[in-house]
1. Which value, in nm² and rounded to one decimal, describes the direction-averaged projected area of the C-alpha convex hull of the chain?
2. Report, in degrees rounded to the nearest 10, the 0 to 90 angle that the Cα long axis of helix 48-85 makes with the longest principal axis of the chain.
3. For n ≥ 4 DSSP H runs only, could you compute -39500 (n - 2.57) per run for the chain, divide by its residues and tell me the 222 nm figure to the nearest 500?
4. Suppose each label sits 7 Å from its Cα in the direction of the beta carbon; what would the R76-F9 distance come out to in nanometres?
5. If you line up the long axis of helix 16-39 against the longest principal axis of the chain, both from Cα atoms, how many degrees apart are they, to the nearest 10?
6. With labels modelled as points extended 7 Å from the Cα through the Cβ direction, what inter-label distance (nm, one decimal) is found for H42 paired with F30?
Amino acid sequence: MNVGRYRDFDVGDMPPALAAVLGIGLIALFVLLIWTLMRLDHTKLRDPRARARAKRRKESQKRQGALRARREALQRKAARRGRADN
């Protein structure tokens, strides 16, 4: 048994084709790993009650945004009228 003995590979001693294949394979492995991690959806809510809460919150934020936009538009309109009266 060769316990404790290691074989050290030097890329400089390898044939260029083998080094290229190993390099491309390593890059492909990294790309596959990153792609797989990106595909995982950590933000997806599994609980139906949590999904319903999130949906209600999103709808509420949309309504609040619309109300805010309307209020700001009315304030701009009132400001224009105030300047026109002067």
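Just so it is clear, none of the values below were taken in a lab; they were calculated from the coordinates. Since the structure is predicted, the reported quantities are computational estimates derived from the model, not experimental observations. Ideal geometry is used to build each Cβ from the backbone, glycine not excepted, and the neighbour counts take in all protein chains shown.
1. Approximately 16.2 nm², given one-decimal rounding.
2. 50
3. Numbers: 2 runs with 62 residues, N = 86.
Helix contribution divided over all residues of the chain: -26000 deg cm²/dmol.
4. In this crude label model, R76 to F9 measures out at 6.4 nm.
5. Tilt relative to the chain: about 30 degrees.
6. If labels sit at H42 and F30, their model points lie 2.1 nm apart.
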